[in-house]
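Visitor: Questions regarding the structure given below will be posed in turn.
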Amino acid sequence: MRLTHAPLRVAVGAYILNSGLSKRTLEGEAAAGVHGMAVGAIPQLRQVPPDRFAVLLSRGEMALGAALLAPFVPSLLAGAALAAFGAGLVQLYLKTPGMREGTSLRPSQAGIGLAKDVWLVGAGVTLMLDSLTHGRRR
């Protein structure tokens, strides 16, 4: 990990790790609610039971957060994982009814929490691009 990547990786990694830790105890209606939103964006997730989905989501967020925080994980890899995770959240925003104002991309009041996740995609792509172009600048 390059020193210039550290502030971004620590900030985003700590945020995502905390999110994953907070989902460890999701059960019942809470797990069903998170699962229901995910199924709306990715119908194939219907095959995964809500409680199992909550466990997998929690573990995935904890793994991603830890990978971003771990200096031995290459920024290219951490950035690719972050961009993919962020893209899934953006898909959730785009496909969940009521998150946007009409047919525009502008978030409704209810969608602001999900719309902001576009920054995760930007951060991931930035880590990837900087990693790929760093050697070429010399």
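Read-outs: derived from the displayed coordinates by stated rules, not from any lab. What you see is a predicted model; the values in this text were computed from it and never measured. FYI the Cβ positions are ideal-geometry reconstructions off the backbone, even for glycines, and counts take in every protein chain you see.
Visitor: Among Ser104, Ser131, what is the fewest-to-most ranking by other Cβ atoms within 10 Å?
Guide: Ascending Cβ contact count within 10 Å gives the list Ser104, Ser131.
Visitor: Which residues does the label zone of Ile112 cover in segment 79-106, counting backbone N under 16 Å from a point 7 Å along Cα→Cβ?
Guide: Answer for segment 79-106: 99-101, 106.
Visitor: Going by alpha carbons, how many degrees (0 to 90, nearest 10) lie between the helix axis of 50-69 and the longest principal axis of the chain?
Guide: Between helix and principal axis, roughly 20 degrees.
Visitor: Here is a further query. What whole number of Å gives the distance from the Cα centroid of segment 51-65 to the Cα centroid of segment 11-50?
Guide: So the separation of the two Cα centres works out to 7 Å.
Visitor: Oh, and also: Per-residue ellipticity at 222 nm for the chain, helices alone: DSSP H runs ≥ 4 residues times -39500 (n - 2.57), over residue total, nearest 500 deg cm²/dmol?
Guide: Calculated from helices alone, the mean residue ellipticity at 222 nm is -22000 deg cm²/dmol.
Visitor: Can I ask one more? Between the helical axis of 118-133 and the dominant principal axis of the chain, each derived from Cα atoms, what acute angle in degrees is found, rounded to the nearest 10?
Guide: Its long axis makes an angle of about 30 degrees.
Visitor: Calculate how large, on average over all directions, the projected area of the Cα convex hull of segment 3-132 is; give the answer in nm² to one decimal.
Guide: 8.3
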